[in-house]
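Asks: Structure in structure tokens, see below.
Values quoted throughout were computed directly from the atomic coordinates according to the rules given, and no laboratory measurement underlies them. Because the structure is a prediction, the values reported are computed rather than measured. Cβ placement follows ideal geometry from the backbone for every residue including glycine, while neighbour counts extend to all protein chains displayed.
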Amino acid sequence: DGLPLSTLLQEVAEPHRHFGIAIDVRMPAGQPSPVAARNPAILYGLGNLVENAVDFARNRVEISAEWNADNVSVVIADDGPGFAPEVMSRIGEPYVRSRRLRRMYATGDTGMGLGFFIAKTLLERSGGKLTFVNRPFPETGAIVTIRWSRQAFEFAETAELEPRAASA
């Protein structure tokens, strides 16, 4: 029961399309999309990164994919302020968060800084490697890249998040 990458990215973007931020999903033209196992870790991890990008974006989030015979990569970029310098080296560690207020919590920053940690952990368990950078000046915004080997992406293990069968 596989999920083409193009479908997976649309599925991940859909819940975040109603917050006044444009979400563009871009796929290479004319290439058949890699097919992933329906892995909850990939769906949740990418969804969390998209949600974070939407929270900080001014107007737009871009989700793009590239692949070849060996690798699959997904890039999530926003046009917000970018990652705060004081957290750049610690992004993805638990309890690290920016002091900037998130759009959804305008009355006070209630996030505990676990979202990126959980997303990073889940995506790494699926075989992904993550990088976090800011757009080069004069542009602003954050760029998160997730890269898998094509084999890890297409055959990502799903057992870690599924309930274990009771042994008799």
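Asks: Kindly provide the chymotrypsin sites (Phe, Trp or Tyr not before Pro) of the stretch 1-66 that DSSP labels as loop, not H, G, I, E or B, and whose Cβ sees at most 14 other Cβ atoms within 10 Å.
Replies: Hits after loop and neighbour filter: F19.
Asks: Next question, about the same structure. Working out 0.36 nm times the residue gap between E66 and T131, then minus their Cα-Cα distance, what length gain in nm do you get to one decimal?
Replies: 21.9 nm
Asks: Next up: For a quick check: with amide H placed at 1.01 Å from N, whose amide H comes under 5 Å from R135's, ignoring anything fewer than 5 positions away on the same chain?
Replies: For R135, the qualifying residues are G141, A142, I143.
Asks: Filter the trypsin sites (Lys or Arg not before Pro) in the stretch 2-64 down to the DSSP loop ones having no more than 16 other Cβ atoms within 10 Å, then list what survives.
Replies: R17, R38, R58
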